[in-house]
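Notes follow the structure.
The values are calculated or read from the model by the stated rules, or taken from the named source; none is laboratory data. From a predicted model like this one, the values you see are computed outputs, not experimental measurements. Because the Cβ atoms are built from the backbone with ideal geometry, glycine has one as well, and the counts that use them run over all protein chains shown. What goes into the accessible areas is simple: the full protein's heavy atoms, side chains included, and nothing from ligands, DNA or RNA. Shrake-Rupley method; radii C 1.70, N 1.55, O 1.52, S 1.80 Å.
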Amino acid sequence: MAEPMRGMKRTCRCAELSEKNIGEEVIVMGWVQKQRNMGNIIFADLRDRSGILQIIFEDDGTENGYFSKAGKLRSEFVIAVKGVVLARSGAVNKNLATGKIELKAKELRILSEAKTPPFPVEENSKTKEDLRLKYRYLDLRRPDLQKNLIMRSRIAGVIRQFLAEEGFIEIETPMLTKSTPEGARDYLVPSRVHKGSFYALPQSPQLFKQLLMCAGYDRYFQIVKCFRDEDLRADRQPEFTQVDMELSFADEDDVIDVNERLLKKLFKEILDVDITLPIQRMTWQEAMDRFGSDKPDMRFGMELNNISETVKDCGFKLFTDALAAGGSVRGINAKGQAAMPRKKIDALVNMAKDFGAKGLAYLSINEDGTYKCSFGKFMAEEELKTLVSAMDGKPGDLLLFAAGSNKTVYDALGNIRLEIANKAGLIKDGEYKFLWVTEFPEFEYSEEQGRYLAMHHPFTMPFEEDIQYIGSDPERVRARAYDIVLNGIELGGGSVRIHQDDVQETMLKALGFTEEKAYEQFGFLLEAFKYGVPPHAGLAYGFDRLVMLMAGLDNIRDVIAFPKVKDASCPMTNAPDIVEKEQLEELGIEIKEE
C-alpha cells in the first residue's frame, strides 16, 4: 500500500551527497534500482536523475518498522528514506559517484509500488529499441538517457545565454501557418471554422523571421519545433527542433562570426573542448571535387582525384564513354588497403551501383610493385604507370575509380570514401572537425518536375555578379549560402537573403512563378518588402543533431524525450490514430476508403 509523504521533504538528490556529508541526517527520494536481503541487514540501491546511493536497513526489532517494509521493496518502487550519511562499511564502489558513502536508514516510506518492468532499467540497455520506445517512460529512467537529456537542457541554456548577451531577442513564431508551394512535405491541419481550408505546420520559421527583420527587431532567435513529413533516418524525425536566428544589416561574415563564437563557447562549457577559430571555409565546388560531398568528414584524407585528363585517350571504354558524355573519371587512394579481400571490393562495387555508377574499377599495388587490376587488359603498361603516378599510388595502396556524370561520380566515391574510413578505423573518437561550406549553387534541376528548383529556398541571395545568369544559365549562379558541418554531418545552414524587389521578382520568375502565383503564395512577404526592408541574413541549426554529436551518439532518438520510429509513429501512444466520425464531420472531412 502506497504511503503519503506526510510532511517528509527531500533535502537533496542521491548523488549530491559525498564524504563531506558524513554524519548529516538527510531525506532522499527516488526509485529502487535493486534490493539485496542479507538476513539481518537489507541493502537497496536508490536511483534518481543524479545517480545511485546505497541505503542500508538494519533490523530494528519491530514487526512493522522500516526494516519489515524494506523487505518488501522491489525494482522501481518509489520510496522516501530518512537517514544518516556514513562512510561505506564494505568495499568502496569506484563506479559510483557515491561509492565511498552509504545512507543508514531511520525511516522509510513506500510512496508507490511498481509492477515488474518489461525490461531492466539499466544503463546501456540491450533491450530492443521497439520495446523500450513502447515503454518510453521506463526507458527514460535509464541513467544514460537522463544524462543525454540533461546535456540537451544545458546546451539550450548556454545558447540562450550567449545569444541574449549578443543582443538577440527571443521571439516565438506561429505553429499554424500557410502551406508553401514547395510544401509537399507539410503536415496539414484542417480548420473547423474555414471548412475545406488547411493550416500547415512549419518546416521552418523562414518567412516569419524575415518579417521580423522588416519589423526592425534587428537580431532574432528561437529554439523552435519544426515539422516535415518525410522518410526518417537515424538523424531525422518528423518533428524536430531548430536553433533559428536572423540578423539585420549583416552578411555572411557577420553570421559566421557570431556562430563560430557560439560554438566555441558551447563546446568549451559543455565538453571542455577547445575549438580553434576561425573555422576552415571551403566552397561547395571544392568540397564536391575533393570529397564528393557537400558535408565532408574532415577527420581523414582519402580525397577524390580527377584523372579525366590522364585517361582521356586510354583504351578503357567505361572511362572514355563517360568523358565523351561530358562526365568525368575520378579516383580515391585507399592507403594500405591493397590486401582488401575480393569479397569486400565486390561490396564496394555494388555500393557504387547503388549510387548510380555502372561499377567501380580498381587497381591494387602489391608490395613488390606489381599490379592487380580489374581493367588492366584495356590499358597499356605505360598508361597504367601514368595513372598510378597521377593517384600517388605506392606499394600497399588500393586505387578505386568511378566514371560517369559528375553527380554520379561524387555520390559513389563520396560514400565509398566514408565506408572505407569506417571499416578501416581511420576515424578517431572524440575528434571534432568543423567546416563551413560556402557558395552553394542557387538552383538544382529536378528531373521529376522538369524544372529548376531553389537548392535552399527562393529567398536566398545570389552573388551579385551571377544575377545576370539567372534566366539564361541558372547552373552558373552561386548562392550566398553557407552550411556548418561537423564530422561529416550538416549541423546547420543559412544564407544572405534577397531584400531587393527586382532580384526577388527575377528569382521567382526563374522558378516558374507568375506574378499572380507569387503574390498568392508570398504576397504578405512581398508586400512587406515595399515598406523598407534591411539587408539581412540568418542560420538555423538542427538542435537534435547538435546534441547527438556533442553526446557522442549516432541516433537522435537518444537525445529526444519521446521520439517517433521509422514510419513516423509513436509506439507508446499509438499516434497517429483514427478519430471519431463526428470529429471529421465537424471539420468537413470524409475519409475515402481505397
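Summing +1 for each Lys or Arg and -1 for each Asp or Glu among the other residues whose beta-carbon sits under 13 angstrom from that of ALA114 gives +4. The shape of region 416-487 can be summarised by an equivalent ellipsoid whose semi-axes, obtained from the alpha carbon gyration tensor, come to 33, 16, 9 Å from longest to shortest. To the nearest ten degrees, helix 381-390 and the longest principal axis of the Cα atoms of the chain are 50 degrees apart. The relative contact order of region 166-269, computed from alpha carbon pairs under 8 Å that lie at least 6 residues apart in sequence, is 24 percent.
May I ask for the net charge around GLU172, where only other residues with Cβ less than 15 Å from the Cβ of GLU172 are counted and Lys, Arg are +1 while Asp, Glu are -1?
Details: positive: ARG160, LYS209, LYS225; negative: GLU170, ASP244, GLU246.
Residues close to GLU172 contribute a combined charge of 0.
Taking all Cα-Cα distances within region 272-330, those exceeding 14 Å account for 66%.
Normalised per residue, the accessible area of the chain is 51 Å², obtained with a 1.4 Å probe and no contribution from ligands, DNA or RNA. Rounded to the nearest 20 debye, the dipole magnitude of the chain is 2860 debye, with +1 charges on Lys and Arg beta carbons, -1 on Asp and Glu beta carbons, and the Cα centre as origin. So for region 193-346, averaging the separation of alpha carbon pairs under 8 Å that are six or more residues apart and normalising by length, what relative contact order in percent results? Taking the mean separation of contacting Cα pairs over the length of region 193-346, I get 12 percent. The local environment of LEU584, defined by Cβ-Cβ distances under 15 Å, has a net charge of -3 under the rule Lys, Arg +1 and Asp, Glu -1. Each Cα pair under 8 Å and six or more residues apart adds its separation to the average, and for region 376-528 the resulting relative contact order is 18 percent. On the principal axes of its alpha carbon atoms, region 340-463 extends 58, 41, 28 Å, with the longest extent given first. In a DSSP loop and with at most 11 other Cβ atoms within 10 Å, the trypsin sites (Lys or Arg not before Pro) in region 89-130 are LYS94, LYS115, LYS126, LYS128. Along its first, second and third principal axes, ordered by size, region 510-594 spans 49, 47, 23 Å in Cα coordinates. Per residue, the convex hull spanned by the Cα atoms of region 153-250 measures out at 137 cubic angstrom.
Taking amide H as placed 1.01 Å from N in the peptide plane, GLY30 has its amide H under 5 Å from the amide H of ILE79, each at least 5 places away in sequence or on another chain. Distance between the 7 Å Cα→Cβ label points at CYS570 and SER68: 4.4 nm.
Scaled to the compact-protein estimate 2.2 N^0.38 Å, what is the alpha-carbon radius of gyration of region 214-270, rounded to two decimal places?
Dividing the Cα Rg of region 214-270 by 2.2 N^0.38 Å gives 1.44.
With all pairs of different C-alpha atoms in the average, the Kirkwood value for the hydrodynamic radius of the chain is 28.7 Å. Computed from the C-beta positions of ILE41 and LYS126, the FRET efficiency with R₀ = 35 Å rounds to 0.65. Of the residues TYR531, PHE375, LEU103, the one whose Cα sits farthest toward the positive end of the charge dipole of the chain, with +1 on the Cβ of Lys and Arg and -1 on the Cβ of Asp and Glu, is LEU103.
Among LYS317/LYS423; LYS147/LYS344; LYS358/LYS428; LYS134/LYS344; LYS268/LYS428, which pairs are too far apart, with a Cα-Cα distance over 27 Å? Too far apart for the 27 Å limit: LYS317/LYS423; LYS147/LYS344; LYS358/LYS428; LYS134/LYS344. Just to be sure I follow the definition: excluding the sites themselves, where is the longest run in the chain that has none of the chymotrypsin sites (Phe, Trp or Tyr not before Pro) in a DSSP loop with at most 14 other Cβ atoms within 10 Å? For chymotrypsin sites (Phe, Trp or Tyr not before Pro) (loop position, at most 14 other Cβ atoms within 10 Å), the longest site-free span of the chain is 1-248.
Positive-end ranking of GLN35, PRO120, ILE55 along the dipole of region 1-159, with charges on Cβ about the Cα centre, is headed by PRO120.
Across the alpha-carbon set of region 107-221, the Rg to Rh ratio works out to 1.15, Rh being the Kirkwood radius. When shorter helices are ignored and each DSSP H run of at least 4 residues is given -39500 (n - 2.57), the per-residue value for the chain at 222 nm works out to -8500 deg cm²/dmol. In this simple spin-label model, placing a label point 7 Å from the Cα along the Cα-to-Cβ direction at both SER89 and ASN422 gives a separation of 5.2 nm. About its Cα centre, the dipole of region 316-373 is roughly 120 debye, where the only charges are +1 on Lys and Arg Cβ and -1 on Asp and Glu Cβ. A Cβ-based charge dipole, computed about the Cα centre of region 160-313 with Lys and Arg at +1 and Asp and Glu at -1, lands at about 760 debye. Restricting region 415-444 to GluC sites (Glu not before Pro) that sit in a DSSP loop and have at most 12 other Cβ atoms within 10 Å of their own Cβ leaves GLU431. In order along region 189-202, the phi-based Karplus estimate (6.51 cos²θ - 1.76 cosθ + 1.60, θ = phi - 60°) of 3J(HN,Hα) comes to 10, x, 9, 6, 6, 9, 4, x, 10, 9, 7, 10, 6, x Hz; Gly and Pro are listed as x. A convex hull fitted around the alpha carbon atoms of region 16-142 yields 110 Å³ per residue. Taking 0.890 mPa s as the viscosity and 25 °C as the temperature, the Stokes-Einstein diffusion coefficient of region 302-391 based on its alpha-carbon Kirkwood radius rounds to 178 µm²/s. Along the axis of the charge dipole computed for the chain (Cβ charges of +1 for Lys and Arg, -1 for Asp and Glu, origin at the Cα centre), the listed residues PHE291, ILE556, TYR199 are led at the positive end by ILE556.
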